[in-house]
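Q: Submitted below is the structure of interest, expressed as structure tokens.
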Amino acid sequence: MKKPIKLLVGMLVLASATIAWAGSKTKVVVNGTPAPVYFNDGDSFRVVAGRMSGTKGRLAGFNTLESHGPVHKWGTWTAKELYINAKMATKNGRDGSWVCNSDGSKDTYGRELFDCPSLRESQVRKGFAHAMTITAKGSAPELLKVQQEAQKNKVGMWAHGVPEFIITSTHSISERSGRKYAYNRIVSTKDGHSEKVRHSKAYKECEWVCVNKVTVAPDVSTKVVAQLRADETLKEILKDFSDENLAYIARMWLVIDQVALMVPLKAKENRRKISHKLEALVASGTLVAATTEVDSCTLFVPFKRRYGGGRASCLK
């Protein structure tokens with residue numbers, strides 16, 4: 001009977017620790033005023049007292065892995081191992097004392113954006129987070145330097161490989177009735193910029209959604225760039241883009257089947273013309289991948305099925 005009793009005691013100790021951790025509050029100085037916050041995960045918190053009590057915050061400039069379940073994988077990592085990394089990011093946030101500021105701006109989910117420089121650096125330095133912007137512009141050089149060191153030293157999430165892109169969010173057209181398109185977001189592990197990938201797929205619950213890593217031979221890339229430059233309908237559009245930019249746009253067409261955000265979404269006509277040319281280059285066999293392999297993946301689970309008693313089976 002000793003083993004069952006010992007196991008039960010161990011489970012009770014773990015449960016008590018979990019309850020204590022879940023109820024922990026962290027001291028954060030928000031806009032010059034100390035306030036207790038509760039970290040939901042490593043990159044978001046809720047202010048629980050004071051003038052901003054109840055405010056849900058998203059911490060800007062970085063991203064930690066999803067902590068609602070084992071939903072990420074790349075390299076030789078298992079999903080469960082990266083889930084532990086996500087939980088460690090949450091604990092790192094809860095264990096510290098941070099200074100944050102906000103100008104009242106909100107993200108697309110209505111959460112107030114907070115700038116917490118020391119926390120951002122700590123999470124990235126320990127490999128609990130990666131640099132991220134939500135635009136085609138990369139992250140600040142000083143943060144990228146910290147990330148590059150973490151990657152070089154194989155710290156945290158980089159211990160078993162560095163994908164070119166990490167999928168940070170997935171959406172299915174089935175989540176909203178009458179929706180024709182949905183978006184996934186992928187983030188560069190090199191400079192932190194985002195690509196917003198439009199698609200018309202209805203994902204199944206617990207389906208793996210992946211992004212591929214694609215390489216293009218140097219001579220192919222050179223030929224494609226030359227043909228983009230030679231197209232009279234694109235000369236004015238592409239005049240401010242470097243050859244390196246155009247090579248990236250061409251390669252990303254093979255990755256995400258759309259024009260990279262380097263060409264803004266608002267520039268619809270420009271994007272249409274570039275798309276038409278890239279489609280023709282693929283059809284003619286000029287733009288072709290040298291190698292294609294799975295880069296990183298995430299498990300799709302609708303938001304309403306991520307928490308509580310009705311969680312999806314793959315998260316339990």
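Q: Given Cα pairs under 8 Å that are at least 6 residues apart, what percent is the relative contact order of the chain? Before the final figure, lay out each step's value.
A: Numbers: 572 pairs, mean separation 49.3, N = 316.
Here the relative contact order equals 16 percent.
Q: Please report, to two decimal places, log10 I(q)/I(0) for region 266-316 at q = 0.12, 0.27, 0.29, 0.32 Å⁻¹ as given by the Debye formula with identical point scatterers on the Cα atoms and no solvent.
A: -0.62, -0.99, -1.03, -1.08
Q: Suppose all protein chains stay in the model; what accessible area per residue would a 1.4 Å probe give for the chain, in Å²? All intermediate terms of the calculation are to be shown ahead of the outcome.
A: Numbers: 17070 Å² over 316 residues.
For the chain, the solvent-accessible area averages 54 Å² per residue.
Q: I would also like to ask the following. Comparing ARG306, ARG179, ARG46, which has the greatest mean-square fluctuation in the GNM of the chain with Cα pairs linked when under 10 Å apart?
A: Between ARG306, ARG179, ARG46, it is ARG179 that shows the largest mean-square fluctuation.
Q: Also, quick follow-up: Give me the three principal axis extents of region 185-245 from the C-alpha atoms, as integers in angstrom, largest value leading.
A: On the principal axes, region 185-245 reaches 46, 24, 22 Å in Cα extent.
Q: Separate question: Please find, in a Gaussian network model of the chain (springs between Cα atoms separated by less than 10 Å), the residue of MET252, MET88, MET52 whose mean-square fluctuation is greatest.
A: For the chain, modelled as a Gaussian network with Cα springs under 10 Å, the answer is MET52.
Q: Can you list residues from other chains, or at least 5 along the same chain, whose modelled amide H is less than 5 Å from the amide H of ASN212?
A: Correct list: ASP295.
Q: To continue, here is another question. Starting at the first residue of region 53-65, write each ³J(HN,Hα) from the Karplus equation 6.51 cos²θ - 1.76 cosθ + 1.60 with θ = phi - 60°, in whole Hz, x for Gly and Pro.
A: With coefficients 6.51, -1.76 and 1.60, one gets 3, x, 5, 8, x, 10, 8, 7, x, 8, 9, 9, 5 Hz.
Q: Can you give the extra length, in nm with one decimal, that the chain gains between HIS160 and LYS266 once fully stretched, where that is 0.36 nm per residue apart less the Cα-Cα distance? Please report the intermediate quantities before stating the final value.
A: Values: separation 106, 0.36 × 106 = 38.16 nm, distance 3.79 nm.
Extending this stretch completely gives an extra 34.4 nm.
Q: Can you compute the modelled spin-label distance between SER242 and ASP115, with each label point 7 Å from Cα toward Cβ, in nm?
A: 2.6 nm
Q: Mind pulling up the Rg/Rh value for the chain? Radius of gyration and Kirkwood radius, both on Cα.
A: Numbers: Rg = 22.0 Å, Rh = 21.6 Å.
When Rh is taken as the Kirkwood radius, the ratio is 1.02.
Q: Still on this model: In a GNM of the chain with a 10 Å cut-off on Cα contacts, which of PRO117, PRO264, PRO163 has the highest mean-square fluctuation?
A: PRO264
Q: Per the 1.4 Å probe, what fraction of the accessible area of region 45-149, in percent, lies on carbon and sulfur atoms?
A: Numbers: 2750 of 4980 Å².
Here it works out to 55 percent.
Q: Expressed as a rounded percentage, what relative contact order does region 175-316 have, with Cα pairs under 8 Å and six or more residues apart?
A: Answer for region 175-316 is 33 percent.
Q: Please report the orientation-averaged projected area of region 111-175, defined via the convex hull of its C-alpha atoms, in nm².
A: Working: hull surface 23.9 nm².
Dividing the Cα hull surface by four gives the mean projection, 6.0 nm².
Q: Still on this structure, please answer the following. Charges only on Cβ, +1 for Lys and Arg, -1 for Asp and Glu: so what's the dipole of region 185-230 about the Cα centre, in debye to the nearest 20? Write down the numbers at each step before the final one.
A: Values: 9 positive and 5 negative charges, 29 e Å.
Roughly 140 debye for region 185-230.
Q: For region 98-240, what percent of Cα pairs sit more than 27 Å apart? Let's see the in-between values first.
A: Values: 4203 of 10153 pairs.
Here the long-distance tail beyond 27 Å is 41 percent of all Cα pairs in region 98-240.
Q: Can you list which of the trypsin sites (Lys or Arg not before Pro) found in region 204-288 are DSSP loop residues with at most 13 other C-beta atoms within 10 Å? Write out the running numbers ahead of the final one.
A: Working: sites: LYS204, LYS213, LYS223, ARG229, LYS235, LYS239, ARG251, LYS266, LYS268, ARG271, ARG272, LYS273, LYS277; in loops: LYS204, LYS239, LYS266.
Filter output for region 204-288: LYS204, LYS239, LYS266.
Q: Right, here's the next one. Would you calculate the convex hull of the Cα atoms in region 54-120 and tell me its volume per residue in Å³?
A: Convex hull volume per residue, Cα atoms: 115 Å³.
Q: Sticking with this one: Within region 63-149, which chymotrypsin sites (Phe, Trp or Tyr not before Pro) sit in a loop by DSSP and count at most 10 neighbouring Cβ atoms inside 10 Å? All intermediate terms of the calculation are to be shown ahead of the outcome.
A: Values: sites: TRP74, TRP77, TYR83, TRP98, TYR109, PHE114, PHE128; in loops: TRP77, TYR109, PHE128.
Here the sparse-neighbourhood loop sites are TYR109.
Q: Given H placed on each backbone N at 1.01 Å, which residues far from GLU207 in sequence or on other chains put an amide H within less than 5 Å of it?
A: Result for GLU207 returns PHE300.
Q: Over all directions, the average projected area of the alpha-carbon convex hull for region 162-316 comes to how many nm²?
A: Details: hull surface 43.0 nm².
The orientation-averaged projected area of the Cα hull of region 162-316 comes to 10.7 nm².
Q: Here is a follow-up. Once label points are set 7 Å from the Cα along Cα→Cβ at both GLU207 and THR33, what is their separation, rounded to one decimal in nm?
A: My value for the distance between the label points is 4.7 nm.
Q: Could you give the size of the charge dipole of the chain about its Cα centre, using +1 on the Cβ of each K and R and -1 on the Cβ of each D and E, expressed in debye and rounded to the nearest 20? Spell out each step's value before the answer.
A: On the way: 49 positive and 30 negative charges, 282 e Å.
Rounded to the nearest 20 debye, it is 1360 debye.
Q: Moving to a separate point now. Can you run phi through the Karplus equation (6.51, -1.76, 1.60; θ = phi - 60°) for region 190-196 and list ³J(HN,Hα) in whole Hz, with x for Gly and Pro?
A: With coefficients 6.51, -1.76 and 1.60, one gets 8, 10, x, 6, 9, 10, 9 Hz.
Q: Quick one: of the DSSP bridges fully inside the chain, what percent are antiparallel, nearest 5?
A: Details: 38 of 44 bridges.
Beta bridges within the chain, antiparallel portion: roughly 85 percent.
Q: Can you give the extra length, in nm with one decimal, that the chain gains between THR108 and GLN148 once fully stretched, where that is 0.36 nm per residue apart less the Cα-Cα distance?
A: Details: separation 40, 0.36 × 40 = 14.40 nm, distance 2.86 nm.
Stretched out fully, the THR108 to GLN148 stretch lengthens by 11.5 nm.
The values are calculated or read from the model by the stated rules, or taken from the named source; none is laboratory data. This structure is a prediction, so every number in the text was calculated from the model and none was measured. All Cβ positions, glycine included, derive from the backbone under ideal geometry; neighbour counts span all protein chains shown. All accessible areas refer to the heavy atoms of the entire protein, side chains included, with ligands and DNA or RNA removed. Shrake-Rupley method; radii C 1.70, N 1.55, O 1.52, S 1.80 Å.
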